[in-house]
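Step one of this worksheet: look at the structure below.
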Amino acid sequence: MKKYIVHFLIQLLVVFSCCNAQSSKREKEKMNKEVRELVRLGRDSIIQQALTALDKKASLANFSTTSLQTNGKEVYVVFSNSVLYLPMNSIFKYMMGVNLMTNTQFSNTIANPEDFTSTDAIPIYQETEVAKKNITFVLEAIPNLDASDLTNFKGTLIIREKEDHYAIRVISEMQESWYKINKDAGIMYDEGHAHLEPEPYIESDEPKFQEIPFKNE
């Protein structure tokens with residue numbers, strides 16, 4: 001379990017790691033011709049291109065976070081969810097991305113239980129009304145956390161439904177927490193926390209990926 005969660009976090013941080021945004025002029029000078037032409041299309045147009053390339057059924061409604069990043073030579077568009085409610089015996093694509101310069105695509109899946117598989121096509125995660133209701137129930141059971149905290153939530157909250165409880169994982173950049181919440185009483189138990197060591201810094205002359213600075217943003 002621990003190995004899986006740490007691997008999950010590393011994947012998430014690698015995809016979304018970026019430097020602080022600099023001025024548009026300076027960033028523009030770092031971009032090659034192809035990237036500059038793509039950026040000129042604007043954020044909305046690039047996002048639509050990425051969705052079309054990934055899956056005709058995909059839409060922004062499936063994801064809570066959209067990241068557009070470049071290192072000056074490549075452009076990645078990554079769609080993900082920070083809050084995931086997983087019914088019993090389910091599996092979803094929760095993160096999808098595409099490199100628009102090479103048309104290289106990827107997607108990550110998440111399941112309940114973790115080793116659950118399916119021979120059917122894996123659907124894109126979508127928050128149902130039942131999921132919203134149960135997420136609210138879980139949030140109310142967690143001290144010092146409510147729905148408003150999720151607006152700018154930078155980590156990942158995973159809720160797996162079990163027979164008599166919800167198994168919770170909360171992952172941030174520096175900490176992993178886990179606990180269970182009784183379905184009937186809404187009481188939290190089996191709580192645990194672990195400090196996560198940051199990835200070692202490695203100096204490199206290669207340009208780093210960072211969010212694309214669009215005009216009017």
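The values are calculated or read from the model by the stated rules, or taken from the named source; none is laboratory data. Predicted model only: the values in this text are computed from it and were never measured. Methodologically, a virtual Cβ is constructed for each residue, glycine included, from the backbone with ideal geometry; neighbour enumeration extends over all protein chains shown. These area figures cover heavy atoms from the full protein model, side chains too; ligands, DNA and RNA do not enter into them. Shrake-Rupley method; radii C 1.70, N 1.55, O 1.52, S 1.80 Å.
Do we have S59 as under 27 Å from I159 (Cβ atoms) and touching a Leu at 6+ places or on another chain (Cβ under 8 Å) here?
Yes; evaluated as a whole, the condition is true for this residue.
Given (1) part of a helix (DSSP H, G or I); (2) under 13 Å from the mean Cα position of the chain (by Cα), where does N134 come up short, assuming only one miss?
Of (1) part of a helix (DSSP H, G or I); (2) under 13 Å from the mean Cα position of the chain (by Cα), only one is false for N134: (2).
Select from the range 32-72 the residues that are of a type in the set (G, A, S) and within 19 Å of N103 (Cβ to Cβ) and write down the one among them that is modelled with the lowest pLDDT.
So the residue we want is A58.
Hey, does the range 52-63 have a residue that's buried (at least 19 other Cβ atoms within 10 Å of the Cβ) and in a helix (DSSP H, G or I)?
Yes, the conditions are met somewhere in the range 52-63.
I'd like the residue in the range 112-131 that is small (G, A, S) and in a loop (DSSP other than H, G, I, E, B) and, out of all such residues, is surrounded by the most Cβ atoms within 10 Å (Cβ to Cβ).
S118
Which condition breaks for P143 when tested against (1) of a type outside the set (V, I, T); (2) in contact (Cβ under 8 Å) with a residue 40 or more places away in the chain; (3) outside the structural domain of A58 (by the TED database); (4) open to solvent by less than 60 Å² (accessible area, probe 1.4 Å)?
(4)
Just checking, does the range 92-102 include any residue being outside any strand (DSSP E or B), at pLDDT below 95 and touching a Ser or Thr at 6+ places or on another chain (Cβ under 6 Å)?
No, there is no match, as no residue in the range 92-102 is outside any strand (DSSP E or B), at pLDDT below 95 and touching a Ser or Thr at 6+ places or on another chain (Cβ under 6 Å).
Can you tell me which residues in the range 116-134 are over 17 Å from K57 (Cβ atoms) and either among the small types (G, A, S) or touching a helix residue (DSSP H, G or I) at 6+ places or on another chain (Cβ under 8 Å) (or both)?
The answer is A131, and nothing else.
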